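Step one of this worksheet: look at the structure below.
The values are calculated or read from the model by the stated rules, or taken from the named source; none is laboratory data. Every value quoted in this text rests on a predicted model; they were computed, and no experiment measured them. Every residue, glycine as well, gets a Cβ built from its backbone with ideal geometry; the counts of neighbours run over all protein chains shown. Please note that ligands, DNA and RNA were not included when accessible areas were found on the heavy atoms of the full protein model with its side chains. Shrake-Rupley method; radii C 1.70, N 1.55, O 1.52, S 1.80 Å.
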Amino acid sequence: MESYKPRRGIAIYELMFFILVVDIAIYFGVKLFNTYTEISLIKIFAVAFSIYCLFYILQTLSLRYKMNEDGIEINALWGIKKILISYEKIDGYNIQTGPIEGMNLSGVGRTRYNYGRSVVDNVGTSHMFVTSSKKVLYLHTEEISYGISPDNIEAFLQKVKEKGIEEKNFEIKLNRNRDLFKEKSFFIPFILVALIIVYMTLNPFVLYLMDKLPDNMPLYFDATFRPVVQGTGKQFAFRQMTYGALNMIILFCMHYAAYFCAKYDKRSAYKYIYVALLISVVFLIIQIRILHLYL
């Protein structure tokens, strides 16, 4: 088995810079907001974003391209993430130089590096493991292309040619069947989000109609979860219903984004519904906490 290191690029430094900038922006941004709901969402976003960037930093540090008798192996995270592309499935290759032009579907990427899934101009949907766009090798299969950037790309390419793989031009293929609701990985979280929204919207209103809400209920909380604005039970119920309507709008937007993304790659589309699920769970937990303390 022959192992090839990726070409060095700016990915690690730029991702670390992003983490620093976002954390600094959020640190000062929290001081501008003094409501518990907004601050909770901001903190969750900061943690999720930092972990997301750290994942790709570690992937960059551990990334290797390997060639063995069975095919080309893309190995990252010290073997945890491993993709084997059989020589029999590779029906052609393509070389591109310069900035990566296209649209990101998942992962992180800019014109000089790219990780995740993207729609690349003159290539199509590609699973990207590109640390530097100086010279990118795209390996094409019937399902998807793979973008890699070995440091010694000439030696790597020579081995590819020895396997009888020829240089070709690729076409962008679109998925005609975009019925995401037939996929359990999309349908189940979508139903969960819908149920959470219905519950968090109707629950306070039902409690109000049953006269189980106190006459005096908190409407706003500061960062320490201390009430700063009080209102009637009716005002509290309608405010919670407003949060429910907001989550419905988010769910609609995420569904539309997923449907658009599925045109190129279904697997990348699922992440949008999980964003809606995370946000709805945060609002639900806050509502349950309020009701637990004040009922």
*asked:* Against the definition (more than 23 Å from ASP215 (Cβ to Cβ), open to solvent by less than 40 Å² (accessible area, probe 1.4 Å) and in contact with a Lys or Arg (Cβ under 6 Å, 6 or more places away or on another chain)), how does ALA262 come out, yes or no?
replied: yes
The lone condition LYS263 fails out of (1) closer than 30 Å to ARG176 by Cβ; (2) in a helix (DSSP H, G or I) is (2)
Flagged in region 47-63 as over 13 Å from the mean Cα position of the chain (by Cα) and part of a helix (DSSP H, G or I), in numbering order, are VAL47, LEU54, ILE57, LEU58, GLN59, THR60, LEU61, SER62
Looking across region 122-132 at residues that are open to solvent by 10 Å² or more (accessible area, probe 1.4 Å) and touching a Lys or Arg at 6+ places or on another chain (Cβ under 8 Å), the single one that is farthest from PRO6 (Cα to Cα) is THR125
Flagged in region 207-235 as of a type in the set (D, E, K, R) and open to solvent by 60 Å² or more (accessible area, probe 1.4 Å), in numbering order, are ASP211, LYS212, ASP215, ARG226, LYS234
Among ILE51, ILE26, the single one that is of a type in the set (Val, Ile, Thr) and free of Cβ contacts under 8 Å to residues at least 12 places away in the same chain is ILE51
Screening SER126, SER118 for residues that are polar (S, T, N, Q), more than 19 Å from TYR87 (Cβ to Cβ) and in contact with a strand residue (DSSP E or B) (Cβ under 9 Å, 6 or more places away or on another chain) leaves only SER118
When region 147-178 is checked residue by residue, the ones that are part of a helix (DSSP H, G or I) and loosely packed, with under 11 Cβ neighbours inside 10 Å are GLU154, GLN158, GLU162
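Please tell me if VAL30 is open to solvent by less than 70 Å² (accessible area, probe 1.4 Å), β-branched (Val, Ile, Thr), more than 25 Å from ASP121 (Cα to Cα) and at pLDDT 90 or above.
Spelling it out, it is not the case that VAL30 is open to solvent by less than 70 Å² (accessible area, probe 1.4 Å), β-branched (Val, Ile, Thr), more than 25 Å from ASP121 (Cα to Cα) and at pLDDT 90 or above.
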Taking region 268-285 and keeping only residues that are among the β-branched types (Val, Ile, Thr) and buried (at least 19 other Cβ atoms within 10 Å of the Cβ), one is left with ILE273, ILE279
Just to be sure, is VAL282 of a type in the set (A, V, I, L, M, F, W, C), in a helix (DSSP H, G or I) and either in the same structural domain as PHE28 (by the TED database) or at pLDDT 95 or above (or both)? no
Scanning region 132-154 for residues that are more than 12 Å from TYR65 (Cα to Cα) and either of a type outside the set (Lys, Arg) or without any contact (Cβ under 8 Å) to a residue 60 or more places away in the chain (or both) gives SER132, SER133, VAL136, TYR138, LEU139, HIS140, THR141, GLU142, GLU143, ILE144, SER145, GLU154
So for region 5-24 (the condition being in the same structural domain as LEU157 (by the TED database) and within 27 Å of VAL228 (Cα to Cα)), does at least one residue qualify?
yes
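May I ask you to verify whether PHE238 is under 33 Å from the mean Cα position of the chain (by Cα), open to solvent by 80 Å² or more (accessible area, probe 1.4 Å), modelled with pLDDT under 90 and not acidic (Asp, Glu)?
So PHE238 does not fit the description; no.
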Selection from region 36-48 of residues crowded, with 18+ Cβ neighbours inside 10 Å and free of Cβ contacts under 8 Å to residues at least 60 places away in the same chain yields ALA46
